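Read the structure below first, then the notes.
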Amino acid sequence: MVRHRKWVDLNTPTTFNELVQRRKLQNRDMRMVTLADKVAVKDMVADALGAEWVIPTLWHGAALPDIPDWPGPFVIKSRHGCNQNIYVRDDNFSWPVLQARAAKWMRQPYGQWLDEWLYAHIPCGILVEPFVGDRDNLPIDYKIFVFGGVATHVQVHLEREKGHRWIVFDRNWTRVSAITSDPDPAPPKSLQHMLEAAERLSRGFDFVRCDFYEIGGMPKFGEMTFYPGSGLDKFNPITLDVAFGRYWLDAGGR
């Protein structure tokens, strides 16, 4: 049986994933670099929203020190990449092993294999933050899609360490992704504040995804993302890929 491959003309993208691919290959806006930098963005968020929105940095540098001199639990992250995190919840860890793992992040520039241009321009580095939420579970991640300065949808990520999955809601908290075995989680108490914050941070862009947590009923900034899923997200239903593409194009998508 012959399988026909769909070729995408990135000069005339129609879906969200196609627009992400075009942005990766064609958009060289240096503002994206600063906003995706996990260290540099914190000052900008504090200026725009207030210091209380920012998870503090306990330490940052090019190589982890010989001895961790900050309180636990904590999280070790790469400054210049995604999905490079170590969660340290108690004293049962080998520091040399963690040092070696973080050093590996520094030796391998992030984003080259998927043509994610902006990550090559973020200074390579490591940062340490306090662990937020309870020790057993990562907090729910609320990823807000903002098109032309308007927050339209929230992608809710559940159990990111085990059984990771996500649900998409509109800004009124109506589920728009497919029905699953998960009941609809309640909206965060600070949802409206998150939506307004995402819109403020995203001014001047046709599309940005802004991520937040809610800790003790208070919103906390996570990060800003310009290549969600590297343009490979499997939307369910697939019509969401088309709908999000239309929002982006209507916002002047480029």
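Here are some notes:
- Modelled spin labels at Ala48 and Val97, positioned 7 Å past Cα toward Cβ, are 3.9 nm from each other.
- Value of [θ]222 nm, deg cm²/dmol, for the chain, DSSP H segments ≥ 4, -39500 (n - 2.57) each, nearest 500: -7500 deg cm²/dmol
- Simple Cβ-charge dipole of region 123-247, Lys/Arg +1 and Asp/Glu -1, about Cα centre, in debye nearest 20: 200
- Surface analysis of the chain yields an accessible area of 52 Å² per residue, using protein heavy atoms and a 1.4 Å probe.
- Accessible surface of His153 - all protein chains present, 1.4 Å probe, nearest 10 Å²: 10
- Note that region 160-172 has calculated 3J(HN,Hα) couplings of 5, 8, 8, x, 4, 7, 9, 10, 10, 10, 7, 5, 8 Hz, one per residue in order, obtained from phi through the Karplus relation 6.51 cos²θ - 1.76 cosθ + 1.60 (θ = phi - 60°); glycine and proline are x.
- Each of Tyr247, Tyr119 has its accessible area taken with a 1.4 Å probe; listed largest first, they run Tyr247, Tyr119.
- Dipole magnitude for the chain: about 840 debye, using +1 per Lys or Arg Cβ and -1 per Asp or Glu Cβ, origin at the Cα centre.
- Computed from point charges on the beta carbon alone (+1 for Lys and Arg, -1 for Asp and Glu), the dipole magnitude for region 1-127 about its Cα centre is near 700 Debye.
- Cβ-Cβ FRET estimate between Asp9 and Ser230, R0 fixed at 22 Å, reported to 0.05: 0.70
- Working ranking of peptides 62-73, 168-179 by packing, defined as the average number of other Cβ atoms within 10 Å per residue, highest first, is 168-179, 62-73.
- Extension gain, Arg175 to Lys189: 0.36 nm times the residue separation minus the Cα-Cα distance gives 3.3 nm.
- Dipole axis of region 85-146 (+1 Lys, Arg; -1 Asp, Glu on Cβ), positive-most option in Gly111, Val128, Phe93: Gly111
- Between region 40-91 and region 213-250, the Cα center-to-center distance that results, in Å: 23
The values are calculated or read from the model by the stated rules, or taken from the named source; none is laboratory data. Quick caveat, the model's predicted, so the values are computed rather than measured. Note: ideal-geometry Cβ built from the backbone for every residue, glycine included; neighbour counts use all protein chains shown. For accessibility, only protein heavy atoms count, side chains too; no ligands or nucleic acids. Shrake-Rupley method; radii C 1.70, N 1.55, O 1.52, S 1.80 Å.
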